[in-house]
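Only the coordinates and a few stated rules stand behind these numbers; no lab work does. Bear in mind the structure is a predicted one, so any value in this text is a computation, not a measurement. Cβ placement follows ideal geometry from the backbone for every residue including glycine, while neighbour counts extend to all protein chains displayed.
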Amino acid sequence: MTTLHLLPRPKQLTFTEGSYRLQSGKLISIPSPTLLFTAQRLQTALAQRGIHWQIVIGGDSDQIGVRLLRQSAPTELENAYQIRITTEGITLIGSQNAVTLWHATLTLIQIIQQSAEELPCLHIDDQPDFVRRGVMLDISRDRVPTMQSLYALVDLLASWKINEIQLYTEHTFAYQKHPVVWQHASPMTGEEILALDRFCRERFVDLVPNQNSFGHMHRWLMHPQYRHLAELPEGFAFSLALTPRPFGLSPAVQETLPFLAGLYDELLPHFSSQYFNVGCDETFDLGKGRSKALVEAQGVGRVYLDFLKKVAELVRERGRIMQFWGDIIIQHPELVPELPRDVIALEWGYEANHPFEAHGALFAKSGVTFYVCPGTSSWQSMVGRTTNMRGNLQNAAENGLKHGARGYLITDWGDFGHWQPPMVSYAGYAYGAALSWAYVANKDCDLGTLLNLFAFKDSSGKLGQLALEIGDVYRMVEAPHINSALMVRALFTPLAKIREGKLLWQEPVRYSPEQVRAAMAHMEALAAQLDSTQPADPYILREYRTAIGLWLHGCKRLLKAADDSSCSNAALADELRPLMGEFAANWLARSRSGGLGDSLARMARLLAEYESA
């Protein structure tokens, strides 16, 4: 064997002469009980190939099939590992940090999965580019996964050497003192977080608490008992809400900080992580209401920074390190050097051309620890945006490395009701995991094959590449696709607005109906190929078909707005009703019931539009 597909691919892999024959009756030797879980993962992978090895500490050398060794290492190699496969046996070498042997074991498992009875002899020397390699999943835009789904996702991501996971939270933690906020949302309970935290720790994954604490607090402020904390109690129109409502907390209200302190006191004890993401992004309404006089006197940047520092003190008092989204402070570059030195800025951007280079340079020059935070490009796309996803993730990795980013956080949002099914994000997760581990070694990886092997487990070998092709059909329609695919934006935009071209901004967006029809024909041809794939979880195909159905429905709305007579209101209504039923069934297969009604309400608006006409 001279080719191995590994996710992520190691920095250095050299094949040597010969092979090692797997046979039952050998031993897995570990240096201490702390590595039992790691060894058990290897034991399970061998058993799946019909090879049964026992785990011991020490053991007779003649019986040992794989030996896990710890060795002291210089600081620059403290996260490194080695794999040596010879004709005599297998040796995994890591530092005193147990996670290095976990990483070595994950790589060995992938080698075993692709080999028959003979493992190729090889040398691997490997260590990560980014110390922190994470995924953040939005659980506040209606979709909260079941515990079974979360466990499966953590297992999948951990197998790709992801070591940080966040669940983006606005209102979906079951605060005991605030039940009115989450009572219909099927939130994460304290007990569930404790269990998930333990599950993550076993896999060397840090479950980082996440609670937005400035903007995006509409799910709280819409309730009368919290409205006094709002910047604009009377309401604020923003894109993610069906109707105007209060949006952000006001730094001018004295009770705001005690309110946040109470949330932190209840939330944080459920997490073992030393980090805490407080959000504080997109403060759209800051200075437009109760803080208007303050902003007029001091400037919006200064008011934002002063409040951020107060939040940082709350976090510091509770023994955590604060993470926050960097989109607001980066608009005030003169204030970046004033950030506290113990906070971490999360530099996010989701287009391939996002200025990670310029923003990373500013944070680095200012001495601010920062992550780069690209996205999966799944939201507002239904089926992905493959080319943009690749470019966005590459851009973040390249410039994060250039400017010394500590972490790389792959974000996966659920804008407008989280309509995209979970597996649409696999490509972004996998490619981001590969790039954040070893950018140069993985930039040109065969992503389709990696998805087949390690995400979809598709025995036909087709679904990975097909998923990437499906995720690029939107590009056949030449129009702005900012943070979305245009045909999916059409699902969130009234027909009257589409006719005016107001799908993205106030500036008119033009598109060609002929290109829309060509894109539909190509998507339908690709969808037909799903029948020939064989993923380990066949339900994925049902989810793909529903997502493609909604994508095509968005195309028909574009055509109807262009006066295509074939897209009648009655035909659109007849098509949408069963899609809504399929969407609900798919949702409940992997996610909790809370939030489904809110998500479906957006589809119901379309149905009402057709029926009223």
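Summary table below
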| read-out | value |
| --- | --- |
| 12 Å beta-carbon shell around residue 104, net charge (K/R +1, D/E -1) | +3 |
| Estimated translational D of the range 132-445 in µm²/s (Stokes, Kirkwood radius over Cα pairs; 37 °C; 0.692 mPa s) | 167 µm²/s |
| Spatially proximal aspartates and glutamates relative to residue 26 (Cα-Cα < 16 Å; intrachain offsets below 8 disregarded) | 60, 62, 88, 117, 118 |
| Global size of the range 285-434 as Cα Rg and Dmax, reported in angstrom | 16.9, 49 |
| Relative pair counts by distance (%), Cα atoms of the range 563-610, 10 Å bins | 25, 46, 21, 7 |
| 0 to 90° range, to nearest 10: angle between helix 300-317 axis and the chain longest Cα axis | 40 degrees |
| Cα-Cα P(r), the range 412-467, percent of pairs per 5 Å interval | 4, 19, 25, 20, 17, 10, 4, 0 |
| Cα principal axis extents for the range 23-166, largest first, Å | 56, 38, 28 |
| Ratio Rg/Rh, restricted to the range 243-302 and using Cα atoms, in which Rh is the Kirkwood radius | 1.05 |
| Length gained when the stretch residue 537-residue 353 is fully extended (0.36 nm per residue, less Cα-Cα span) | 62.8 nm |
| Debye intensity ratio I(q)/I(0), log10, the range 149-250, q values 0.10 Å⁻¹ (C-alpha model) | -0.36 |
| Among beta bridges that DSSP assigns inside the chain, antiparallel share in %, nearest 5 | 30 percent |
| Two-decimal log10 I(q)/I(0) for the chain, as the Debye equation yields it once each C-alpha is a single scatterer, q = 0.06, 0.07, 0.10 Å⁻¹ | -0.34, -0.46, -0.93 |
| Exposed trypsin sites (Lys or Arg not before Pro) absent: longest stretch of the chain, with sites in DSSP loops and at most 12 other Cβ within 10 Å deemed exposed | 1-176 |
| Volume of the Cα convex hull of the range 331-408, divided per residue and given in Å³ | 83 Å³ |
| At R0 = 41 Å, FRET efficiency that the Cβ-Cβ distance of residue 228 and residue 528 yields, to 0.05 | 0.15 |
| Percent antiparallel among DSSP beta bridges (both partners in the range 132-445, rounded to 5) | 5 percent |
| Geometric extent, Cα atoms of the range 453-529 - Rg, Dmax (angstrom) | 15.2, 47 |
| 4 °C / 1.567 mPa s Stokes-Einstein diffusion coefficient of the range 466-612, Kirkwood radius on C-alpha pairs, µm²/s | 81 µm²/s |
| Compactness relative to 2.2 N^0.38 Å, alpha carbon Rg of the range 1-80 | 1.26 |
| Diffusion constant of the range 205-339 at 20 °C, which comes from Stokes-Einstein with the Kirkwood Cα-pair radius and 1.002 mPa s, µm²/s | 140 µm²/s |
| Span from the the range 163-198 Cα centroid across to the the range 213-261 one, whole angstrom | 19 Å |
| Net charge contributed by nearby residues that have their C-beta within less than 14 Å of residue 363 (K/R +1, D/E -1) | -1 |
| Bridge type composition, the range 12-126 - antiparallel percent by DSSP, nearest 5 | 60 percent |
| Length added when fully stretched, residue 237-residue 97, from 0.36 nm per residue minus Cα-Cα | 45.4 nm |
| Whole-angstrom gap from the range 287-312 to the range 118-133, using each part's C-alpha centre | 47 Å |
| Two-site label geometry, residue 365 and residue 60: point separation in nm, points 7 Å out along Cα→Cβ | 6.7 nm |
| Span from the the range 415-473 Cα centroid across to the the range 335-393 one, whole angstrom | 20 Å |
| Simple label model, 7 Å out from Cα along Cβ direction - residue 601 to residue 573, nm | 2.2 nm |
